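The structure under discussion appears below in the form of structure tokens.
The values are calculated or read from the model by the stated rules, or taken from the named source; none is laboratory data. Every value quoted in this text rests on a predicted model; they were computed, and no experiment measured them. Every residue, glycine as well, gets a Cβ built from its backbone with ideal geometry; the counts of neighbours run over all protein chains shown.
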């Protein structure tokens, strides 16, 4: 598929997304979901950069505003009103991310005295750390593309809030850990276990925000962000990263691409971590290709998880050139080149996944229609990944 046809297809998916969720035309009660919206913002920015059509930039900015006014505030069915940060309406406009961002699930969060139900919890609201890092990344992209420091400032404020509330010291001592899911007001954990890649996402994202704030806008980053980076570095140390989940593998590859881009832009060198990421991704890819899951019919597959993998694979092709041209990674050139070459063998999976979900018959399956918005947005990202993979 040539670039013109791809752009047209991405436009079609993003136009449908805008209509279905109340973005364009603007609905009285838009349906916002933080993960999907983060990818959507990046997609609109990519369309703007590719076409020069300012309508796409305006859609990205409008989507940010809707997310803040919807997910930064209490639910319509909550007796509390206003910003979840507790700020006044006026102060909340200036600091919309100060209280974090709701996930956007259709059921209210589990009550204090309500028993835990694993299946129901997936559909209940709250805050996820790994959704917040995606939103930080989206805000960072808006800052760089629009040339407006307000967005990265909001992203850094969100980073401070999320880090303070999701990380904790275990009562029996040891290194800090993280909660998987918190209540909307960030006062209590809803799922206390730690996400396998949450600390990694935080580490990479914090560095991204710091680099943009200092290099692009000449801002002085608050000292707290430096402490947060140190926390995440410590939590990440020695953590096993390998996974057989396609979305998780894609996340590892996306983070590897972002780490390399950070180094090229003058950020920190994490050659050892980069090597670990690529090794872990290879282990996962070997598992996924052997278990036959990508050969199953659509009714047994989750598109957005597979598309997370294809998005990550999109960043693999540039790695060998980046490693060759980046002297800061020279200490591990041989091992990184070997890993990059091994990963290149899996790049054809990207097109295989895309072609499967571009087939209209497969998009008629219940596994697609039940998650239609997230599926169409991530398929659009996979087809045009630069807007998301850039830092």
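Applying a threshold of 7 Å to beta carbon distances and a minimum spacing of six or more residues, or different chains, the list of pairs starting in segment 316-336 at a residue that is closer than 16 Å to residue 257 by Cα and ending at one that is modelled with pLDDT of 85 or more and not in a helix (DSSP H, G or I) reads 316/347; 317/347. Of the numbered criteria (1) in a loop (DSSP other than H, G, I, E, B); (2) in contact (Cβ under 8 Å) with a residue 60 or more places away in the chain, the one residue 77 fails is (2).
Filtered by the rule that a residue be modelled with pLDDT under 90, in a helix (DSSP H, G or I) and surrounded by 15 or more Cβ atoms within 10 Å (Cβ to Cβ), segment 314-362 gives 320, 322, 323, 329, 332, 335, 336, 337.
Restricting to segment 80-102, name every residue that is in a loop (DSSP other than H, G, I, E, B), surrounded by 20 or more Cβ atoms within 10 Å (Cβ to Cβ) and in contact with a helix residue (DSSP H, G or I) (Cβ under 6 Å, 6 or more places away or on another chain). Spell out how you get there, then give the answer.
We begin by selecting, within segment 80-102, every residue in a loop (DSSP other than H, G, I, E, B); these are 80-82, 84-88, 95-102.
From the residues that got through so far, the ones that are surrounded by 20 or more Cβ atoms within 10 Å (Cβ to Cβ) too are 84-85, 96-97, 99-102.
If the condition is that a residue be in a loop (DSSP other than H, G, I, E, B), surrounded by 20 or more Cβ atoms within 10 Å (Cβ to Cβ) and in contact with a helix residue (DSSP H, G or I) (Cβ under 6 Å, 6 or more places away or on another chain), then 96, 97, 100, 101, 102 are the ones that fit.
The set of residues from segment 53-79 being over 21 Å from residue 36 (Cβ atoms) and either touching a helix residue (DSSP H, G or I) at 6+ places or on another chain (Cβ under 9 Å) or surrounded by 13 or more Cβ atoms within 10 Å (Cβ to Cβ) (or both) comprises 53, 54, 78.
Test of understanding: among 252, 278, which residue is buried (at least 17 other Cβ atoms within 10 Å of the Cβ), in contact (Cβ under 8 Å) with a residue 24 or more places away in the chain and closer than 18 Å to residue 133 by Cα? Break it down stepwise before answering.
Values: 278 fails: closer than 18 Å to residue 133 by Cα.
So the residue among 252, 278 that is buried (at least 17 other Cβ atoms within 10 Å of the Cβ), in contact (Cβ under 8 Å) with a residue 24 or more places away in the chain and closer than 18 Å to residue 133 by Cα is 252.
Inspection of segment 104-115 identifies at least one residue that is more than 18 Å from residue 150 (Cβ to Cβ), touching a helix residue (DSSP H, G or I) at 6+ places or on another chain (Cβ under 6 Å), modelled with pLDDT of 95 or more and not in a helix (DSSP H, G or I).
In the set (1) within 26 Å of residue 42 (Cβ to Cβ); (2) touching a strand residue (DSSP E or B) at 6+ places or on another chain (Cβ under 7 Å); (3) surrounded by 14 or more Cβ atoms within 10 Å (Cβ to Cβ), residue 144 fails one condition alone, (2).
Rundown of residues vs (1) modelled with pLDDT under 95; (2) in contact with a strand residue (DSSP E or B) (Cβ under 9 Å, 6 or more places away or on another chain), yes/no style:
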position: 154; (1), (2): no, no
position: 179; (1), (2): no, yes
position: 186; (1), (2): no, yes
position: 190; (1), (2): no, yes
position: 206; (1), (2): no, no
position: 216; (1), (2): yes, no
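All of (1) surrounded by 18 or more Cβ atoms within 10 Å (Cβ to Cβ); (2) in a helix (DSSP H, G or I) hold for residue 23 with one exception: (2).
Here residue 278 fits the description: within 22 Å of residue 391 (Cα to Cα), in the same structural domain as residue 367 (by TED's automatic domain parsing) and modelled with pLDDT of 95 or more. The set of residues in segment 257-310 that are on the phi > 0 side of the Ramachandran plot and either touching a helix residue (DSSP H, G or I) at 6+ places or on another chain (Cβ under 9 Å) or not in a loop (DSSP other than H, G, I, E, B) (or both) contains only 266.
The residue list 224, 238 contains one member that is loosely packed, with under 15 Cβ neighbours inside 10 Å, modelled with pLDDT under 95 and touching a helix residue (DSSP H, G or I) at 6+ places or on another chain (Cβ under 6 Å), which is 224.
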